[in-house]
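Enquirer: Please read through the structure below; I'll follow up with questions.
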2 protein chains.
Amino acid sequence: MVVSLFRRRKDHAEIPRLRTRVSRADNDNVNRVALGELTPDLKSYLGRAAYLQLTIFQAASLGVSGAPHLRGMHAMTWVAQRSLEKYAGLVDEIARAGHDPVLTMEPFRHDILEFQRTTRGADWFENLVSVYVTAGLLDDFFVRLAGGLSEERGKRVAALLSPDAGRSHIVDELLAAIGENPRLASRLALWGRRLVGDTLLVARSALAVPEDTAPDEARLEPVFTELIAAHARRMDALGLTA
Amino acid sequence: MVVSLFRRRKDHAEIPRLRTRVSRADNDNVNRVALGELTPDLKSYLGRAAYLQLTIFQAASLGVSGAPHLRGMHAMTWVAQRSLEKYAGLVDEIARAGHDPVLTMEPFRHDILEFQRTTRGADWFENLVSVYVTAGLLDDFFVRLAGGLSEERGKRVAALLSPDAGRSHIVDELLAAIGENPRLASRLALWGRRLVGDTLLVARSALAVPEDTAPDEARLEPVFTELIAAHARRMDALGLTA
């Protein structure tokens with residue numbers, strides 16, 4: 001997206017592990033543009049964030065079941081566990097606020113099923129990219145949006161959603177796959193680009209923008225630029241152009 | 001199996017929650033017949049137990065994705081989480097023993113894929129019964145078999161596998177489904193009976209019986225009788241005949 005098409009670094013495909021690099025990318029997010037003024041009411045925030053995390057878990061568990069080998073299966077269990085922990089934590093927050101988790105998530109069913117449908121990949125590799133890209137963007141987004149919750153709760157939710165989604169396991173699997181079959185790279189890069197649009201759309205629909213009011217694009221722009229920059233770094237860790 | 005066909009208690013189908021009853025059934029297992037003399041070497045024990053737990057997780061996550069409503073989806077996340085925790089604990093034990101988890105599980109791939117194939121239900125309700133029945137029997141079995149591991153490790157593994165697999169959530173969902181459609185009961189009872197055979201077979205193949213030697217049926221019988229009795233109590237909690 002914001003990254004030049006000429007920046008592809010094919011050499012990454014040969015590097016088996018990029019753990020250090022990946023965690024450094026995490027720390028880039030310290031100076032976050034806050035989205036606090038556009039945070040919806042608590043119930044909507046938690047319901048949507050929880051349902052989306054449930055969707056990430058489902059994609060990750062599809063990554064377990066659909067793995068072409070036991071190594072990939074095992075790798076994806078870490079990712080599934082991470083998303084389940086986040087989901088359980090959000091469900092706790094919903095209960096703590098005195099609401100029923102299922103009823104709180106229900107209103108977002110239609111939108112999120114549609115999101116789930118459009119972000120399901122054609123094979124295991126695309127599904128791994130789906131988890132990697134959507135979890136990365138959505139966790140980043142909801143951490144920023146947590147700035148508008150009450151201070152203590154906002155901190156708790158941000159801490160809950162901040163750990164990456166088991167990223168290094170996905171990176172290892174995808175780098176290995178691209179190493180074996182370099183032609184996979186362009187297909188996955190293309191898929192990654194398609195995912196960004198759908199993911200930012202579902203994220204955007206969480207913003208509290210008064211009806212019949214155009215959202216303040218000038219205020220939103222730096223946030224989305226930052227989200228996309230973090231996404232580009234994640235794609236870069238795969239040796240793929242964002 | 002050992003339970004009279006005339007014992008069906010249809011009245012259970014009308015009781016929405018049986019939590020107390022279910023947890024009482026758990027405690028029935030205190031006097032366990034040990035299987036310690038037939039425990040295979042540590043690596044085989046852990047590899048097979050971990051892989052089977054991974055299979056239970058996959059069935060549970062299919063229960064999340066395939067749920068006909070958000071309530072069922074949410075319920076099955078608890079079950080998925082429980083099995084993932086057990087899996088992660090077994091993987092820890094494998095690593096602690098100095099082995100690679102994936103290589104340790106690999107030898108059991110063929111048998112377990114076959115088990116997975118035969119225990120996959122035709123719909124969501126059968127899949128819930130699959131998780132309920134297979135997790136119940138296998139956890140019970142591997143807890144007993146842990147008696148033959150070194151004492152400290154055996155205790156640790158037994159403690160890891162002893163918590164039920166999120167049973168009450170499955171019971172609630174199935175009782176609700178049978179309440180809405182009582183004809184479901186006989187189909188699920190039939191499915192449950194089929195599962196027992198396949199599950200005891202995969203359990204049995206874990207026993208260290210010297211080749212060309214018939215297993216000592218007299219010694220095995222009390223163990224399997226006990227496993228089946230615990231299974232019958234679990235089916236009873238669903239109002240179904242074992």
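Rule-based calculations on the coordinates, nothing more; no lab input. Keep in mind that this is a model prediction, so the values were computed, not measured. Here Cβ is always computed from backbone atoms with ideal geometry, including for glycine, and neighbour counts include all displayed protein chains.
Enquirer: Which chain B residue sits with its beta carbon nearest the axis carrying B onto A, and how many Å away is it, rounded to a whole number?
Expert: In chain B, the Cβ lying nearest the symmetry axis toward A is B:61, 2.
Enquirer: Right, something else. Evaluate peptide B:69-80: per residue, the Cβ atoms of other protein chains within 10 Å of its Cβ; return the mean as an integer.
Expert: 5
Enquirer: Then there's this: Beta carbons within 10 angstrom, averaged per residue: use that to sort the peptides B:185-195, A:40-50, A:93-103, highest first.
Expert: Per-residue mean Cβ counts within 10 Å order the peptides as A:40-50, B:185-195, A:93-103.
Enquirer: Sticking with this structure for a sec: Putting +1 on Lys and Arg Cβ atoms and -1 on Asp and Glu Cβ atoms, find which of B:178, B:191, B:208 reaches farthest to the positive end of the dipole of region B:166-242.
Expert: Comparing the listed Cα positions along the dipole, B:178 ranks first.
Enquirer: In the neighborhood of residue B:97, defined by Cβ-to-Cβ distances under 9 Å, what is the net charge if each Lys or Arg adds +1 and each Asp or Glu adds -1?
Expert: Charge balance in the 9 Å sphere: +2.
Enquirer: Here's another thing I want to ask about it. Under 17 Å from the 7 Å Cα→Cβ point of residue B:205, by amide nitrogen: which residues of region B:107-126?
Expert: Those under the cut-off are B:107-120.
Enquirer: Can I ask one more? Within 10 Å of each Cβ in peptide B:52-62, how many partner chain Cβ atoms are there on average? Round it to a whole number, please.
Expert: 3
Enquirer: How far, in nm to one decimal, is residue A:181 from itself in the other copies if the label point is set 7 angstrom along Cα toward Cβ? Shortest first, please.
Expert: Inter-copy label distances (nm, one decimal, shortest first): 3.8.
Enquirer: Let me ask you something else. By the scheme Lys and Arg +1, Asp and Glu -1, what is the net charge of all other residues having a beta-carbon under 12 Å from that of residue B:195?
Expert: +2
Enquirer: Can you run the Rg to Rh ratio on region B:84-242? Use alpha carbon positions and the Kirkwood inverse-distance Rh.
Expert: Using only Cα positions, Rg/Rh for region B:84-242 is 0.99.
Enquirer: List every residue whose amide H lies under 5 Å from the amide H of residue A:121, counting only residues 5 or more places away in sequence or on a different chain, with H placed 1.01 Å from N in the peptide plane.
Expert: A:127
Enquirer: Could I ask something else about it? Compute from the Cα atoms of region A:110-204 the Rg and the Dmax, the latter being the longest Cα-Cα distance, and quote both in angstrom.
Expert: So, for region A:110-204, Rg and Dmax equal 15.1, 49 Å respectively.
Enquirer: Okay, next question. Would you mind checking the pairs A:86/A:155; A:155/B:86; A:86/B:155 and listing those with alpha carbons more than 26 angstrom apart?
Expert: Listed pairs above 26 Å: A:155/B:86; A:86/B:155.
Enquirer: Still on this model: Label position 7 Å from Cα toward Cβ: report the copy-to-copy distances for residue B:151 in nm, one decimal, ordered from shortest.
Expert: 5.4
Enquirer: At a 10 Å Cβ-Cβ cut-off, how would you order A:56, A:228, A:170, B:178, fewest neighbours first?
Expert: A:228, B:178, A:56, A:170
Enquirer: For residue B:220 and residue A:219, what does the FRET efficiency come to when R0 = 51 Å and r is the distance between their Cβ atoms, rounded to the nearest 0.05?
Expert: 0.10
Enquirer: Would you kindly compute the Cα radius of gyration of region A:62-164 and its largest Cα-Cα separation (Dmax), both in Å?
Expert: Spelled out, the Cα radius of gyration and Dmax of region A:62-164 are 15.2, 45 Å.
Enquirer: Please compute the net charge surrounding residue B:84, taking Lys and Arg as +1 and Asp and Glu as -1 over other residues with Cβ under 11 Å from its Cβ.
Expert: Local charge sum for residue B:84: +1.
Enquirer: Also: Quick one: if the Förster radius is 45 Å, what FRET efficiency do residue B:96 and residue A:96 give, using the C-beta to C-beta distance and rounding to 0.05?
Expert: 0.80
Enquirer: List, shortest first and in nm to one decimal, how far the label point of residue A:96 (7 Å from Cα along Cα→Cβ) is from its counterparts in the other copies.
Expert: Spelled out, the distances from residue A:96's label point are 3.0 nm.
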